[in-house]
Amino acid sequence: MSTPDPGLQPERTLLAWRRTALGLIANGILLIASGHGSSDVRTGLGIVVLTLALACWAAVSAVYRRTNGSKVQALGHERVLRVAAGLVLIVGLFDLYAVIAR
């Protein structure tokens with residue numbers, strides 16, 4: 001019995017996570033820019049957000065590279081994608097704090 005072809009689903013999922021990471025990178029850069037010289041908290045949050053966004057990008061890319069050549073039907077290991085989703089949630093909370101603390 002052959003394994004069903006996943007089609008383009010892994011690539012679409014990878015691109016969706018990369019778009020999310022790019023949005024988070026933009027948030028981090030904006031937090032750093034808005035806090036530069038005026039708020040150490042915003043600058044610190046911006047650095048944390050930027051680091052988490054890059055970690056999200058790296059984790060999802062690593063999962064995709066690992067599953068691309070094998071006979072895996074979906075993108076990634078469930079735990080890695082849960083961690084990436086948790087990083088997105090944490091970054092959203094940081095952004096919310098930065099807006100409210102303004």
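The values are calculated or read from the model by the stated rules, or taken from the named source; none is laboratory data. From a predicted model like this one, the values you see are computed outputs, not experimental measurements. Counting neighbours? That spans all protein chains shown, and the Cβs are built from the backbone with ideal geometry, glycine included. When the accessible area is computed, the model is the full protein with side chains, heavy atoms only, and any ligands, DNA or RNA have been set aside. Shrake-Rupley method; radii C 1.70, N 1.55, O 1.52, S 1.80 Å.
What to note about this one:
Conditions (1) modelled with pLDDT under 70; (2) over 29 Å from ARG42 (Cβ atoms), marked per residue:
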site	(1), (2)
VAL63	no, yes
LYS71	yes, yes
ARG79	no, yes
ARG82	no, no
LEU96	no, no
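- Members of the range 29-54 that are within 21 Å of ALA85 (Cβ to Cβ) and in contact (Cβ under 8 Å) with a residue 60 or more places away in the chain: LEU31
- Residue within the range 22-34 that is aliphatic (A, V, I, L, M), over 20 Å from ALA101 (Cα atoms), open to solvent by 50 Å² or more (accessible area, probe 1.4 Å) and at pLDDT 80 or above present: yes
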